[in-house]
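To start, the structure under review is shown below, and the notes come after it.
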Amino acid sequence: MDRERRRMKETQALYYNWLDRWDERRAQRGDAVKEPTTLTLDAQLAFPSANRAENIAEFCALADSAIDNPGFYHLPSESDLTYDLKDGWIEFQSPVLTETEANNIVRAQITESRSNDHALVIFHHWNASSRSRQIARFFSSQGFTVVQIAMPYHFERRRPAASHADDMLSPNLGRTVRSMRQAVLDGRKLIQALQSEGYEQVSVLGMSLGSWVAGLVAAHDQTVKKAALFLTAGSLADMVWTGRATQHIRASLEQKIDLPQLRCAWSPLNLENYAEKLVRPDLDLQIVLAKRDTVVLPQISHQLVAQLKDAGAQPHVLELNCGHYSLSLPPQILWAGIKVSRLLRQNGR
C-alpha cells in the first residue's frame with residue numbers, strides 16, 4: 001500500500017511538473033513580442049475632462065476622483081442603441097473613441113442556442129488571438145447564447161502593425177485606464193443591445209484581464225445577475241507588478257514609480273474598490289482560480305475573495321491545481337465550465 005501511494009505521488013509530481021513546464025513555455029512564447037518602453041502618464045486619455053497631470057501625484061488625485069464619480073463607468077447620455085445585427089455578428093460604435101479607427105468599432109460573435117432567453121457575454125484574455133469556438137460550443141450546448149466581444153485593440157480592433165495588444169495594457173498609465181474603461185462601456189452597450197433583442201437575462205464571463213472587465217461590468221450594471229471571473233484578482237497593479245506575463249511592464253515602470261503609486265494610479269481598475277457593488281444580493285459570483293498561477297498570483301486572488309467576503313458576499317470559489325495557461329486544458333477547463341453552467345442555471349433557470 002505504501003509503495004502504491006509513493007507511486008501515485010510520483011506520478012502526480014511528474015504531471016504537475018509537466019503542467020508547470022507547459023505554462024512556462026506558453027509564457028515564453030508571449031515574451032518574444034514584449035519589450036520594455038517608458039512610463040507615460042497621458043492623464044487626459046484616462047480622464048478626458050481633466051487637465052494634463054504633470055506628475056504621478058496629480059494623476060493619482062484624478063484616479064481617486066474617478067472612483068467616486070458615478071459617471072465614470074456609466075454610458076454617456078448621448079450614447080444610443082444603434083447597432084447592426086447580421087449573420088451571427090453584432091456591430092456598433094464604441095462609446096469611447098480613440099485615435100485608432102479600427103478600435104472604435106466593436107464586433108461580437110453570437111453563437112445561438114436552442115433557448116434564446118439567456119445570453120452569456122464573454123470577455124477574453126489579454127493578447128487573445130481568436131475567439132474560442134470550444135467555449136462557444138460548450139455553453140451553447142448548455143442552452144445559453146454565447147456572445148464573444150472583441151476587447152479594445154484585439155482581433156479586428158488591433159492597431160495596424162501592432163505585435164500584440166500593448167495599447168490595452170502598458171506602461172502608458174492613462175491609455176491603460178482609457179482602454180479598460182472603454183472595454184467596460186463596450187460591454188455595457190452590448191448588454192443593452194442584447195436586452196433590446198429580447199434576452200431576458202444577460203450574464204458575463206471574463207478570463208484573466210477579461211475578468212477585470214467582466215467584474216467592473218457586473219459591479220456597475222445592475223441588470224447583470226450572474227458573473228464568472230476566471231483567473232482574477234482585485235488589484236490590476238499588483239497583477240502587473242508580480243505577474244509572469246507583465247515583467248516588461250514592470251521593467252518599464254519601476255525606475256520611475258513604485259507599486260503603491262501604481263496601485264493609486266490604477267485604482268479605478270481595482271475590483272476591491274467596488275466590493276460593495278459586487279455584494280448586492282441579486283448578483284451571483286463564480287470565481288475560478290489556479291493554484292499554480294504565475295501570471296495572477298494566488299495570494300492576490302485570495303485577497304479579492306477575502307475582501308468580497310468581508311463586504312458580505314458569498315462568492316462560489318473553485319481553485320484548481322493548474323497554472324494560468326493550463327486552465328485551458330482538460331480536465332480543468334471542463335470542471336470550470338460545468339461550475340459556470342450550474343451557476344447560470346440557478347434560481348429556476
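The values are calculated or read from the model by the stated rules, or taken from the named source; none is laboratory data. These numbers come from a predicted model, not from an experiment. Ideal geometry is used to build each Cβ from the backbone, glycine not excepted, and the neighbour counts take in all protein chains shown. With ligands, DNA and RNA removed, areas are computed over all heavy atoms of the protein, side chains included. Shrake-Rupley method; radii C 1.70, N 1.55, O 1.52, S 1.80 Å.
The set of residues in segment 96-125 that are part of a loop (DSSP other than H, G, I, E, B) and open to solvent by 30 Å² or more (accessible area, probe 1.4 Å) comprises Leu97, Glu99, Glu112, Arg114, Ser115, Asn116, Asp117, His125.
Could you tell me whether segment 312-328 includes any residue that is more than 21 Å from Tyr274 (Cβ to Cβ), free of Cβ contacts under 8 Å to residues at least 40 places away in the same chain, open to solvent by 10 Å² or more (accessible area, probe 1.4 Å) and out of contact with any Lys or Arg (no Cβ under 8 Å at 6 or more places or on another chain)? Yes: segment 312-328 contains one or more residues that are more than 21 Å from Tyr274 (Cβ to Cβ), free of Cβ contacts under 8 Å to residues at least 40 places away in the same chain, open to solvent by 10 Å² or more (accessible area, probe 1.4 Å) and out of contact with any Lys or Arg (no Cβ under 8 Å at 6 or more places or on another chain).
Does any residue of segment 74-85 turn out to be over 20 Å from Leu97 (Cβ atoms) and not aromatic (Phe, Trp, Tyr)? Yes, there is a match, as at least one residue in segment 74-85 is over 20 Å from Leu97 (Cβ atoms) and not aromatic (Phe, Trp, Tyr). Within segment 13-51, if we keep just the residues that are over 30 Å from Leu262 (Cα atoms) and either open to solvent by less than 90 Å² (accessible area, probe 1.4 Å) or of a type in the set (Gly, Ala, Ser) (or both), the residue that is farthest from the chain's Cα centre (by Cα) turns out to be Ala13.
Yes or no, residue by residue, for (1) among the aliphatic types (A, V, I, L, M); (2) surrounded by fewer than 20 Cβ atoms within 10 Å (Cβ to Cβ); (3) within 16 Å of Gly337 (Cβ to Cβ); (4) modelled with pLDDT of 95 or more:
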residue	(1), (2), (3), (4)
Ala128	yes, yes, no, yes
Ala136	yes, no, yes, yes
Phe144	no, no, yes, yes
Ala150	yes, no, no, yes
Tyr153	no, no, no, yes
Ala162	yes, yes, no, no
Asp167	no, no, no, yes
Leu173	yes, no, no, yes
Ser179	no, no, no, yes
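Out of the residues in segment 181-201 meeting the condition of being under 17 Å from the mean Cα position of the chain (by Cα) and open to solvent by less than 10 Å² (accessible area, probe 1.4 Å), tell me which one is nearest to Asn347 (Cα to Cα). Checking each candidate, the answer is Ile191. The number of residues in segment 81-95 being outside any strand (DSSP E or B), surrounded by 15 or more Cβ atoms within 10 Å (Cβ to Cβ) and either small (Gly, Ala, Ser) or in contact with a strand residue (DSSP E or B) (Cβ under 6 Å, 6 or more places away or on another chain) (or both) comes to 2. Check whether at least one residue in segment 93-103 is over 19 Å from the mean Cα position of the chain (by Cα), modelled with pLDDT under 95 and of a type outside the set (D, E, K, R), and report yes or no. No, because not a single residue in segment 93-103 is over 19 Å from the mean Cα position of the chain (by Cα), modelled with pLDDT under 95 and of a type outside the set (D, E, K, R).
Every residue, every condition in (1) under 15 Å from the mean Cα position of the chain (by Cα); (2) under 18 Å from Leu41 (Cα atoms), yes or no:
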| site | (1), (2) |
| --- | --- |
| Ala237 | yes, yes |
| Leu253 | no, yes |
| Pro260 | no, yes |
| Glu276 | no, no |
| Pro281 | no, no |
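Considering only residues of segment 253-305 that are farther than 26 Å from Ala27 by Cβ, part of a helix (DSSP H, G or I) and out of contact with any helix residue (DSSP H, G or I) (no Cβ under 7 Å at 6 or more places or on another chain), which is most open to solvent (accessible area, probe 1.4 Å)? Among residues in segment 253-305 that are farther than 26 Å from Ala27 by Cβ, part of a helix (DSSP H, G or I) and out of contact with any helix residue (DSSP H, G or I) (no Cβ under 7 Å at 6 or more places or on another chain), the one most open to solvent (accessible area, probe 1.4 Å) is Glu276.
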